[in-house]
């Protein structure tokens, strides 16, 4: 056990569903269970902001939610106004008095948390989950020269922030080398994001005969889910292969329309955003997992699928070849090639049952190198200033340069239930200050919204009424 206090600063955190949010949540929960006092600084996922004690994986964590705004064209992502953000974070750090600040990127909250850590002479650990070029390419609509200029600005900012850190990490060797090549004189450790393998040990072996593919992730352009739909449309009509897509994003409606245009809407199911427990259940129901993205710095969703013992079909791009070894736990397909992906799907379900079982065993074996406990062990050493001789990943000798959330009120509650739940689900208490006194309980918020209907107006506190009014304006 340790009395060390750690602040994890990130621009996305649970209940968001993405690799950075999942890593940050897993790290915070594991550290808290090991006796650390963990504080998370993250954007609010609705208009509900302040300091709260939230339950994540049944573990109470103090989360400081900063007022945030929706990003244009990105309904599941929110942005914190950077004006005077260093002062706000600085105030939190002075109240919390941590021994370590661990940022998850050099952008926005990470940038200002790093500056505040320097002001207070606090040990700074930086993890990079972002490729600047990919971020600009997919998040901004602008001419090429503007994107190149913005990429250079991001890299200059990365250099300033990361060079001030006491230790720097990235989730794969490839991501580490990309950062080293973009920012000179950096030494970046490759430390896997990690996955709690035990959470998936109870799942049944994948059913070879059901031929059910699963994709879990954001439905945004850079994930290239449309390639997966086009590949499915190229399979023979009697192939018997089905696909379930879990997640939400800016392209959700477009992808549903595409499935209809391709006449595969009878074999494709869009499940929307699900809880972590529901995702685990979906993995247990699937035969195999598919990841068509070409910009994964690691892919936590793929790691989780491997932990569940699912064969993987993934694009042969970025860090995915680190996870998917051809013929050992699945197959790699040519990026952005629906025909090659279709052939790999056909190849997978043409295997014998014993060959298919071998791929399943291969996934469980290969994921052991990414065990969450080993990942947190390494970060504990970094927090304490101890030397890290080995990371949780092998070197990558084949690295190539980067390619590049009355009746009218009741109707409102139904329409906004997902947004409201994102803002309140998991929140136990609102805290009066950074370390502690409870001023309001939220134990019954989700129950009241989901189960009590018209009686909700009588049961909700005055505070929540104000929050709902704010959300109404926001939505």
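Residue count for segment 1-44 under the criterion of being outside any strand (DSSP E or B) and over 14 Å from the mean Cα position of the chain (by Cα): the result is 13. Among the residues of segment 45-64, those that are out of contact with any helix residue (DSSP H, G or I) (no Cβ under 7 Å at 6 or more places or on another chain) and not in a strand (DSSP E or B) comprise 49, 58. For the list (1) within 23 Å of residue 346 (Cα to Cα); (2) at pLDDT below 95, I need the number of the one condition that residue 274 fails. Checking residue 274 against (1) within 23 Å of residue 346 (Cα to Cα); (2) at pLDDT below 95, the one that fails is (1). Scanning segment 81-103 turns up no residue that is surrounded by 18 or more Cβ atoms within 10 Å (Cβ to Cβ), out of contact with any helix residue (DSSP H, G or I) (no Cβ under 6 Å at 6 or more places or on another chain) and at pLDDT below 90. Of (1) surrounded by fewer than 18 Cβ atoms within 10 Å (Cβ to Cβ); (2) within 30 Å of residue 57 (Cβ to Cβ); (3) in contact with a strand residue (DSSP E or B) (Cβ under 7 Å, 6 or more places away or on another chain), residue 249 satisfies all except one. Which? Here residue 249 meets the rest and fails (1). Within segment 159-169, is there a residue that is in the same structural domain as residue 113 (by TED's automatic domain parsing), under 26 Å from residue 321 (Cα atoms) and in a helix (DSSP H, G or I)? Within segment 159-169, none of the residues are in the same structural domain as residue 113 (by TED's automatic domain parsing), under 26 Å from residue 321 (Cα atoms) and in a helix (DSSP H, G or I). Looking across 207, 181, one residue alone is in the same structural domain as residue 330 (by TED's automatic domain parsing) and either surrounded by fewer than 20 Cβ atoms within 10 Å (Cβ to Cβ) or not in a helix (DSSP H, G or I) (or both). It is 207. The residues of segment 184-204 that are outside any helix (DSSP H, G or I) and farther than 30 Å from residue 158 by Cβ, listed by number, are 201, 202, 203, 204. Would you check if there is a residue in segment 105-122 being assigned to a strand (DSSP E or B) and within 26 Å of the chain's Cα centre (by Cα)? Taking every residue of segment 105-122 in turn, none turns out to be assigned to a strand (DSSP E or B) and within 26 Å of the chain's Cα centre (by Cα).
The values are calculated or read from the model by the stated rules, or taken from the named source; none is laboratory data. Bear in mind that the values here come from a model prediction, so they are computed numbers and not experimental data. Methodologically, a virtual Cβ is constructed for each residue, glycine included, from the backbone with ideal geometry; neighbour enumeration extends over all protein chains shown.
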